[in-house]
Amino acid sequence: MAGEMRWVLLLVAAMIGFGCDDGAPADDAGVDAGPTDAGPGDAGPMTMDDIDLPGLDGEVEVVIDDRGMPHIYATTVHDLMVVQGYMMSRDRFVQMEFLRRSVLGTLGEVLGGLEPSTIDDDRDSRFLGFQRQGRAIYESLPETDRTRLVAEAFVEGINLYIDEVIGADDYLPTEGLELFNVIRTSPNFGHWDPADIFAIARFQSFNLSYDAGADISRTAALAGVRAAFDPTSLDERVASRAGVYADFWSERQARDVYTRPDFNDGSTTALLPPIRRPRPPADLTLPSVAQLDGAEAFYARLDRNPLFRRDPHMGSNSWVVHGDHTESGQPILSNDPHLSLISPGVWWYVHLNTARMGGELEIDAQGVAFAALPGVVLGYNRDLAWSATTTGYDVTDVYDEEVTFRNDGTPEAPAWVPVSVTFESAQVEVTVITETIRVAGADPIEQPIYVVPHHGPLIPDALVPPDVASPATGATEVGRGLSVRYTGQDVSNELAFFVGLLTSTSVDDAFAAQDAFEVGAQNFSFVSRAGDIGWSTQSRIPQRDAAACSFAVQSNGTITGVSPLYVLPGQGGFEWTDPLEDRFIPHDVNPSRGYIATANQANVPVTQDGNPCND
């Protein structure tokens, strides 16, 4: 049914106050509550513009307050999300478009002729696979799934903005956006797809959890120390420095401060998992220098891309305090995510409301959204507030693979192609994903990605072909490679958590919604109108075979054994087993100490002795 969006602009308005009272009467102003209700008709002098958007279920009203924040009032979730997509595009479309294309690996198709470096960026994005994962997640959801409907409506709003504003004959980008004008006028510029939203959501999870580069850097550092300082050297100056690795790359925290003092103090159901006695320490066989150098070069290139750069100084903090310890008797939540100060900003502030008009699900939620994603990432509704900080669960492993290559070239000019890997004394064929990268003004590029079925993709720069003189065409020989296994390579729907938070009314509701959050573990903390405080780090955390965690630091500081924090042998025996059960993942509800504080520290003291493998 066709509808109309009414866009109300405030020229002069009082700052809107926020808060919750002790009850929720029918006329409760919800997150608009304050000295002056900022609802339609109550915000002071204003101008009103009508914008006709096709496909809305009914009238939608948007109030933009004097901070530039839109308050969106609708009767259906569909209309709420359409208008959120439209309004976000109005403020941030250029940022959103560059982000989307960087994540999908489609910059080259609009900028490749002008910026050849974008083609390399596209290759890296295709290796990481956000586009494939986003499509797989979207297609896994039933047509009636709420998260799928939210993504579709949000994209509908973005595409309406593209059609009505960006595509208008009289559209002129502002000064400084000449590069965007190249994109806008490209024949490959066009509409967004709902699957793009899930790709961007997976990228955000990746940013918070993927650490293959760290595993490789640790392994390279250990290899360097071992090569430089042999503990059996006759030179005492060399032998005495063999333990330097444990001094400079310790896993122990600088301070023994943890979110919980232990796994269970009687106030929560989080339990200490049964201790698995590791096998006797075996020496870790390290990859070759060529493998490590190639892998480090690959991740260094990723790090030069502002989109994928992992700032080592990034941090975040949050605390929640129970009402028993506050003057008002109400719980308090505070959060500082410490994300980069960039322009345009990371966050886009929004108020989403169907409650005022007596609409669907009675949503009344406010907070910050990521540019290009729907809903509210950090914020509150009438009954619940939530915050987030990054936690550090190890959900990425790198494997040293014995790779069989086939020469598809000539004896004089070999072209080595990976065909299989050795696993449990057998040859397992690698699968090949061929990504087509379109390039503006040039022929498409066919990019093969070689995937070890039981692990993951082979890092292209870390492939070390056989060193064989004049191999016959079709000959097979053994070389090396590094593969990456990551929980984000599997289908899961983290966006469902944030959709669920819009209507969660209690800590229990929030925990239930968080079951969908499988990739990108965060410390999510909550306070409720009912007075509860809670914290959960729910995520899919892989357990490994006992052999993968025989790590130990010897009395002289040298390292023995195997740990998932380093490159693991890929021939079997060091694999993932069942994920850790939810009840063993650290969390709290109304702890007796009366507060919960998270600041990226270890959640429980499993690394207090510098060894994460012996607890």
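Hey, could you check region 125-141 for residues that are touching a helix residue (DSSP H, G or I) at 6+ places or on another chain (Cβ under 6 Å) and closer than 24 Å to residue 452 by Cβ and say which is most open to solvent (accessible area, probe 1.4 Å)? Here the residue is 135.
Looking across region 548-558, the residues that are open to solvent by less than 30 Å² (accessible area, probe 1.4 Å) and in a loop (DSSP other than H, G, I, E, B) come down to 550, 551, 557, 558.
Residues in region 82-103 that are of a type in the set (Ser, Thr, Tyr) and under 21 Å from residue 123 (Cα atoms): 102 only. Kindly indicate whether residue 470 is without any contact (Cβ under 8 Å) to a residue 60 or more places away in the chain, of a type in the set (Ser, Thr, Tyr) and more than 30 Å from residue 379 (Cα to Cα). Criteria met by residue 470.
In summary, residue 614 fulfils each of the numbered conditions (1) modelled with pLDDT of 90 or more; (2) touching a helix residue (DSSP H, G or I) at 6+ places or on another chain (Cβ under 9 Å); (3) open to solvent by 20 Å² or more (accessible area, probe 1.4 Å) with the single exception of condition (1). One residue is enough: does region 511-519 have a residue meeting the conditions polar (S, T, N, Q) and open to solvent by less than 30 Å² (accessible area, probe 1.4 Å)? Yes, region 511-519 contains a residue that is polar (S, T, N, Q) and open to solvent by less than 30 Å² (accessible area, probe 1.4 Å). Every condition in (1) out of contact with any strand residue (DSSP E or B) (no Cβ under 9 Å at 6 or more places or on another chain); (2) at pLDDT below 95; (3) open to solvent by less than 20 Å² (accessible area, probe 1.4 Å) holds for residue 561 except the one numbered (1). The number of residues in region 463-487 that are under 18 Å from residue 290 (Cβ atoms), of a type outside the set (Lys, Arg) and in a strand (DSSP E or B) comes to 8. If you scan region 569-596, which residues turn out to be within 24 Å of the chain's Cα centre (by Cα) and either open to solvent by less than 40 Å² (accessible area, probe 1.4 Å) or among the acidic types (Asp, Glu) (or both)? Scanning region 569-596 gives 575, 576, 578, 580, 581, 582, 584, 585, 586, 587, 588, 596. Among the residues of region 389-418, how many are assigned to a strand (DSSP E or B) and of a type in the set (Ser, Thr, Tyr)? Residues meeting the conditions: 5. As an exercise: evaluate residue 113 against (1) surrounded by fewer than 20 Cβ atoms within 10 Å (Cβ to Cβ); (2) of a type outside the set (S, T, N, Q); (3) under 30 Å from residue 489 (Cα atoms) and give the number of the one condition it does not meet. Of the numbered conditions (1) surrounded by fewer than 20 Cβ atoms within 10 Å (Cβ to Cβ); (2) of a type outside the set (S, T, N, Q); (3) under 30 Å from residue 489 (Cα atoms), the odd one out for residue 113 is (3). Within region 390-416, the residues that satisfy the criterion of being farther than 25 Å from residue 543 by Cα and open to solvent by 30 Å² or more (accessible area, probe 1.4 Å) are 406, 408, 410, 411, 412, 413, 414, 415, 416. Report yes if some residue within region 419-442 is β-branched (Val, Ile, Thr), crowded, with 16+ Cβ neighbours inside 10 Å, within 23 Å of the chain's Cα centre (by Cα) and assigned to a loop (DSSP other than H, G, I, E, B); otherwise report no. No, every residue in region 419-442 fails to be β-branched (Val, Ile, Thr), crowded, with 16+ Cβ neighbours inside 10 Å, within 23 Å of the chain's Cα centre (by Cα) and assigned to a loop (DSSP other than H, G, I, E, B). Within the option set 123, 67, 90, being farther than 26 Å from residue 143 by Cα, in contact with a strand residue (DSSP E or B) (Cβ under 7 Å, 6 or more places away or on another chain) and among the basic types (Lys, Arg) holds for one residue only, 123.
Taking the residues in region 314-352 that are β-branched (Val, Ile, Thr), within 27 Å of residue 603 (Cα to Cα) and not in a loop (DSSP other than H, G, I, E, B) as candidates, determine which candidate is least open to solvent (accessible area, probe 1.4 Å).
Only one residue fits best here, namely 320.
Taken together, 226, 202, 237 contain a single residue that is within 20 Å of residue 567 (Cα to Cα), of a type in the set (Lys, Arg) and not in a loop (DSSP other than H, G, I, E, B), which is 226.
Restricting attention to region 328-371, the residues being over 23 Å from the mean Cα position of the chain (by Cα) and closer than 28 Å to residue 198 by Cβ number 11.
The values are calculated or read from the model by the stated rules, or taken from the named source; none is laboratory data. What you are looking at is a predicted structure, and each value in this text was computed from that prediction instead of being measured. A quick note on method: Cβ atoms are made from the backbone with ideal geometry, for glycine too, and the neighbour counts reach across all protein chains shown. Surface accessibility is based on the protein's heavy atoms, side chains included, excluding ligands, DNA and RNA. Shrake-Rupley method; radii C 1.70, N 1.55, O 1.52, S 1.80 Å.
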